Every structure is written in C-alpha cells, then in structure tokens.
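Taking it in order: structure first as structure tokens, then the write-up.
Please treat every number below as a calculation from the coordinates, not as lab data. Keep in mind that this is a model prediction, so the values were computed, not measured. Note that each Cβ is placed from the backbone with ideal geometry, even for glycine, and that neighbours are counted across all protein chains shown.
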C-alpha cells in the first residue's frame, strides 16, 4: 500500500524475484483495477473480475468514482476472491493494492479485505511504501509517518513501513536519513523544531513520542538493488506476521528471531 | 465585512506590498468526493455577491466540467486524455504527468497571476480530485511552495463530514490532514463540508474533549494491541488541533461562509506572524550558506593566485 508512484508494484516484483531465488513459494495477488502490466504475472487478478477501464467506459465514472465502484463490486463478489485464494491457503501471498488514500480512510473496504483474509485463516501484514525522495528533512519525515499511520492505523493488522527508492538517494542524504531508521526521539523532536516554527513544537514532541513508543511507525529503508536490503525487509515482514500470530492463543509458535540489521 | 477590510488594510500597511488590500492564496485540498469543487463554487458565488470576485485557477486536469469560470485552467495547457495515450499511462499516471507538465510552465503562470494581484483579493486554487497527486508529488510541493512565497497562502482541507462520522474514519482523516500540515507548513483551515447533511458537532466535541473521542474509539475497537497505539495517536491529534482552525460549511446551502472567511483572515494573520518569519529565516540561511561558499571559493582562488604570483607559469 502507499501513494501512487511510491514503488509498491516494484516492491512486489522485487520480493517475487527474491523469493524465487530463495526457492520460497510466493504468489502475487493484484488488487489494483487500474494496474498496467506485470513482470511476474499475478496468480489472482482483480482485473479478471472487473477493470477500471471498463467501469469508466461503461458507467461513465471518473478515475476516483470508478475505483471506488470496482471495490464495492469486489465487496459484493467476495466469494470470487475466496475461491481464487482457496488454492493458496498455505502460501505466502503478496497483495498489490491501489494507492488512493480514500480507500483506506473513508471507505472501510481495505479494512474489510484485511479482516476477511484473517477470517480465511491468513496471517496478514501490511506494507506501506513511501518514496525516500520526499523525505528531505524531519518535518517531511513526520508527514510520512502521519500519512502511513493514517492509512495503516485503522486496518488492525500488524504493519511495516518501507522507505523505497533508497538507491536513488545521494550518499549525503542517505547518511542524514540514518536518524530516521534508528530514531532517537529527542534528537528528532529537536531537529523538527529547527525546520518548523514555534507553533509546531508541541506537535513535534507528540509525534516523536509516537515514533519512540511504536516501532511499527518507523520506516525501513529499501534499496532494491541490494539483496541484503530486500532480505532485511522480508524478514521484518515475516516477524510482523509472527507477531500477529502470537496474538492467537492457539499457535504455540517458534521464538521470534530478531532480524539482523544489514548495512 | 467592513471590519474585515480595515483589518486587511492594516495588514497591508505592515507588509511590503503597495496594494490597498492584500491578496491571499487559498489552496483547496480534500479527498475525492469531499466537495472541494462545489465548495469553490460556493466561495465564488459568495465573493461575487460581495463584489470581491476571486481569481480562480483550476489545477484538476481530469475534471469534466467545473461549475465556475476559471481564469486559468490546467486543461487549457494540458490535455489529460492525450497525455495518457501519448505516454501510455493509466488514469493516475495521466493526472500526475499532466500536473508535472503544467508545473514546468509554473513561472509563466505566476507571472500572469502576479499581474492580477492588485485586482483581486482572493486567489483560489482547485487541486486534483485524487489528493495524493497533489500532496505526495514533486509538482504539488513546488506549486504550494511557490504560492506560499508570493503572498499569504492558506490551505483549506475539505472534509466529507457525513463520511467521517465514525471515530476510526475521523482519526484516519485527521492524521492525513496532519501529514499535509507537515508537508506544506502553511496555516490550515479545516472545513467540514456537507453540514446540511450531518452537522459537524460531533467533530468539535471529539476535538475539544480528547477523552470522549478515545472512548468512542475504544468502544469500536476490541483488539487490545491496537488500543495503546490508538491512545498515542490520539495524543498526537490533540496537539494537532491546536495548530488549526475549524469551520463547518455547506457548499450546497451556503451556511458557514461568513465564519469561513473569518477563519481565513485568522489564518492570514498566522501566516504573517509565523510562516513568513520562518520563510525569511530559511531564505537568509540559504543566502548565508551561498555567501560562505562564495567566500571559500574566492579564498581558494586567492591562494592559487598568490602561489603563482611573480613566477613563470608553465602552460
């Protein structure tokens, strides 16, 4: 999940590639009715049920109304989805979702999808992608944290936030961004205070506290050209799922392993 | 209305503009379906009635028809459908690219707008229907930064009140508004639209009494692991509310418009008191850094010259 252009689909393709190399079974589920083309064809594709183009052509909706209609249609045809996913019960699925924030806030569609997946015995983790190029300073970083939490906070599933396109960031900026990946709340608040005016100071403090208390709202860097970076993200996602599992009393599962920080 | 005018005249007196009434940029931002464009039309009608017609800029390339006459329309510069075919893009990509193309001509647009700055008090900007195309794009940032540097600029975040009536949706929406506040750092007016359908009283209550909001939220959520996150999130929101002004409006009936403009004026004052000094400070910092760099380069040059002074230099 994440805004348009944040690198969601690229992330999916990268994970597919990585898992294939590691001989790990993973299937791509495309939930974006406006998606264009895929390097790895999806095993389940909402476009087989309905496409944005059709909706816009036949019903005369604009891109927004059309997208919402597609999802409402999906909600009415959940048995189709259940059917499609039935073949992959024990596998790792990646769901590529549309960007529009309206689907995560106003309309409880994504939330319903997440719940249903859990009802169908899937352990679910959300991955929120945000482009590194927008995070030039701490106030922009805070904007990213708020935006991610806005989308993910109410989905009621464990989630990780990924800062994509780190390969496109200059070394100088990358060093500066280190403090976002391993945040010290005091430093962050201080930093934010420097780049914003006085009225923001209390708010900066509140957000820094939020980041400190909940690792879920922190961002993990992703450089798709670096195998270790991809593996790092994947292990975090796995841990988050594990953690989700721990909430269920019936799973007497393995120890949760700490992911190694790769540099 | 005359009281407001004297205030603006006073404000104009303290700014370095020469005009009698200081112009204001208003950027309308909101999620799809919140009623931005309808509200723009209501504002337009209201201002016309009061003989202060606004200057309208439409930045939504994909809208089929707008209810108002835009002075500058992105659709005149960019053909969204053609962009999609030419660059082989989907609808989102098409809107984003259209906005990008428009932004390359932004300085020309600003020239035109600046020439009219004396004739109008309010400059209204309607943004693309899909909020992220404006809020999380380079063009969106360039446009809002450029506008903010020219004259007092206020962000109006339009909320779909009926749709935001559940605590969970309210929280998500407010958090998203908070992220926009951080991105633009401009004075913020939260306009709860469609109050003719559902009053925004619940929102005011939740914003004033943080415990009431938490209770409403907890009743919905039974997952324990989410509750502490929700608690911390609501603490953040509590601070957020201190940084904005709220008004309930109905684009359909026109209720709340007087109040709306009062809040805009308050936001303009905030612009002068807070934003402008910060902007000045940032500009000065940047200039100081540039001067330092030039001084360094000059020093280096002098050193090089003194080394070769008087000697034969082999070429």
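Among A:105, A:14, a tally of other beta-carbon atoms within 10 Å of each Cβ gives an order, fewest to most, of A:14, A:105. Please find, in a Gaussian network model of chain B (springs between Cα atoms separated by less than 10 Å), the residue of B:279, B:124, B:101 whose mean-square fluctuation is greatest. Between B:279, B:124, B:101, it is B:279 that shows the largest mean-square fluctuation. The angle separating the long axis of helix A:227-246 from the principal Cα axis of greatest extent in chain A is about 70 degrees. Which of A:92, A:61, A:11 moves the most in a Gaussian network model of chain A with Cα springs under 10 Å? Sorting by GNM fluctuation, first place goes to A:61.
On a 0 to 90° scale, report how tilted helix A:185-195 is relative to the longest principal axis of chain A, with both axes built from alpha carbons and the result rounded to the nearest 10. Taking Cα atoms only, the helix is inclined about 80 degrees. If I take R0 = 56 Å and measure r between the Cβ atoms of residue A:235 and residue B:51 in this structure, what FRET efficiency does the formula 1/(1 + (r/R0)^6) give, to the nearest 0.05? Computed FRET efficiency for residue A:235 and residue B:51 comes out at 0.30. Summarised in one figure, the compactness ratio Rg/Rh of the protein assembly as shown, Cα atoms and Kirkwood Rh, is 0.99. Annotation: the residues B:301, B:229, B:237, B:181, sorted from fewest to most other C-beta atoms within 10 Å of their own C-beta, follow the order B:301, B:229, B:237, B:181. Rounded to the nearest 500, the 222 nm mean residue ellipticity of chain B from helices alone is -18500 deg cm²/dmol, with -39,500 (n - 2.57) taken per DSSP H run of at least 4 residues.
Here each label is just a point 7 Å from Cα along the line to Cβ, and for residue A:83 and residue A:172 those points are 5.8 nm apart. Inter-chain neighbour count for A:58-67: the average number of beta-carbon atoms from partner chains within 10 Å of each residue's beta-carbon is 4. Counting every other Cβ atom within 10 Å of each residue's Cβ, A:120, B:136 order from fewest to most as A:120, B:136.
Comparing B:82, B:293, B:108 in a Gaussian network model of chain B (Cα springs below 10 Å), the most mobile by mean-square fluctuation is B:293.
On the basis of the beta-carbon distance and an R0 of 35 Å, residue B:208 and residue B:286 show a calculated FRET efficiency of 0.30. Between the Cα long axis of helix B:276-308 and the first principal axis of chain B there is an angle of about 20°, rounded to the nearest 10. Residues of the range A:147-183 falling in the label zone of residue A:21, defined by backbone nitrogen less than 19 Å from a point 7 Å along Cα to beta-carbon, are A:164-168. Highest-first packing order for the peptide set B:242-248, B:45-51 is B:242-248, B:45-51, based on the mean count of other beta carbon atoms within 10 Å.
Taking 0.36 nm per residue of separation and subtracting the Cα-Cα distance, full extension of the segment from residue B:304 to residue B:119 would add 61.1 nm. Projected onto their three principal axes, the Cα atoms of the range B:3-308 cover extents of 80, 53, 49 Å, largest first.
How many partner chain Cβ atoms sit within 10 Å of a residue's Cβ in peptide A:203-215, on average, as a whole number?
Going residue by residue through A:203-215 and averaging, the value is 4.
As an exercise, use a Förster radius of 25 Å and the Cβ-Cβ distance of residue B:276 and residue B:106 to find the FRET efficiency, rounded to the nearest 0.05.
0.75
Inter-chain neighbour count for B:85-92: the average number of beta-carbon atoms from partner chains within 10 Å of each residue's beta-carbon is 4. In the range A:1-132, one over the average inverse separation of all distinct C-alpha pairs is 15.3 Å, which is the Kirkwood hydrodynamic radius.
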